[in-house]
1. What does the helix-only formula give at 222 nm for the chain: each DSSP H stretch with n ≥ 4 adding -39500 (n - 2.57), the total divided by the residues, and the result rounded to the nearest 500 deg cm²/dmol?
2. Which whole DSSP H helices in the chain pass both tests: a Cα extent of 20 Å or more along the axis and a mean Kyte-Doolittle value no lower than 0.5?
3. Taking a quarter of the surface of the Cα convex hull of the stretch 107-168, what do you get in nm²?
4. For the peptides 50-56, 102-108, what is the packing order when you average, over each peptide's residues, the other Cβ atoms within 10 Å and list the highest mean first?
5. What are the ³J(HN,Hα) values, in whole Hz, obtained from phi via the Karplus relation 6.51 cos²θ - 1.76 cosθ + 1.60 with θ = phi - 60°, for each residue of the stretch 69-74 in sequence order, with x given for Gly and Pro?
6. Suppose every K and R has +1 on its Cβ and every D and E has -1 on its Cβ; what is the size of the dipole of the stretch 2-178 about the Cα centre, in Debye to the nearest 20?
7. Using only Cα atoms, locate the centre of the stretch 105-156 and the centre of the stretch 1-71, then give the distance between them in Å, rounded to an integer.
8. Can you give the percent of C-alpha pairs in the stretch 91-136 whose distance is more than 15 Å?
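Taken together, the values in this text are just the output of simple stated rules run on the coordinates, not laboratory data. Please read these numbers as outputs of a predicted model, since none were measured by experiment. When we count neighbours, we look across all protein chains shown, and the Cβ atoms used for this are built from the backbone with ideal geometry, even at glycine.
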Amino acid sequence: MKNTMSRTKSLVYIAVFAALIAIGAFIRIPFGLVPATLQTAFVMMAGLALGPTKATVSVLIYLALGLAGLPIFTAGGGFDYIFYPTFGYLLGFVFAAWMTGFLFRKFKQKTLFAAVCAGLAGVFAVYLIGLPYLYLIKNIYFNTPIGVNVLFVQCFLIFLPGDLLTMFLSATLVIRLQKIKGLFDNI
């Protein structure tokens with residue numbers, strides 16, 4: 001009975017974080033090439049709260065639903081979304097969720113410092129995949145050249161302060177929520 005409850009609880013949390021990531025796409029501020037959203041914050045929260053595997057599954061469910069046609073990405077949905085320059089950031093979410101969860105689990109004490117360190121690695125994991133993808137799609141697929149300097153400033157530098165702030169707030173929230181007995185236990 002307890003194992004069934006744990007399994008059900010895990011599935012619910014996976015679904016909730018997939019939904020939160022989708023909702024995060026609609027909380028956006030347009031910025032040139034890439035909109036600022038709350039998706040990264042929810043991906044970091046998933047990694048911290050669920051661990052690497054379940055957080056990754058949560059992001060993969062979100063991606064599968066969007067690629068299947070549900071309009072849950074910032075500019076819609078459907079399989080052709082893979083040709084959007086910002087799709088690389090969505091792929092980066094998969095790596096970020098895993099990285100954040102993996103690193104956070106490595107810390108013996110689940111402190112705010114540990115959560116911030118893991119979240120920081122997750123934020124950079126998004127950029128590690130998102131920036132080269134955007135560059136390649138713009139330069140090769142669309143043949144609308146974008147320079148590395150412009151990419152660095154417009155798609156990384158201007159977003160970094162906001163991403164770091166939301167990551168810190170996400171880490172703080174998860175640490176506080178973990179103090180509620182039973183909330184993220186046995187997930």
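1. On the way: 7 runs with 122 residues, N = 187.
The per-residue figure over the chain is -22000 deg cm²/dmol.
2. Flagged H segments are 2-26, 52-67, 87-106, 112-136, 160-178.
3. 4.6
4. Taking the mean over residues of other Cβ atoms within 10 Å, the ranking is 50-56, 102-108.
5. Each residue of the stretch 69-74 in turn: x, 5, x, 10, 8, 4 Hz.
6. 780
7. Here the answer is 18 Å between Cα centres.
8. Details: 426 of 1035 pairs.
Cα-Cα pairs of the stretch 91-136 separated by over 15 Å account for 41 percent.
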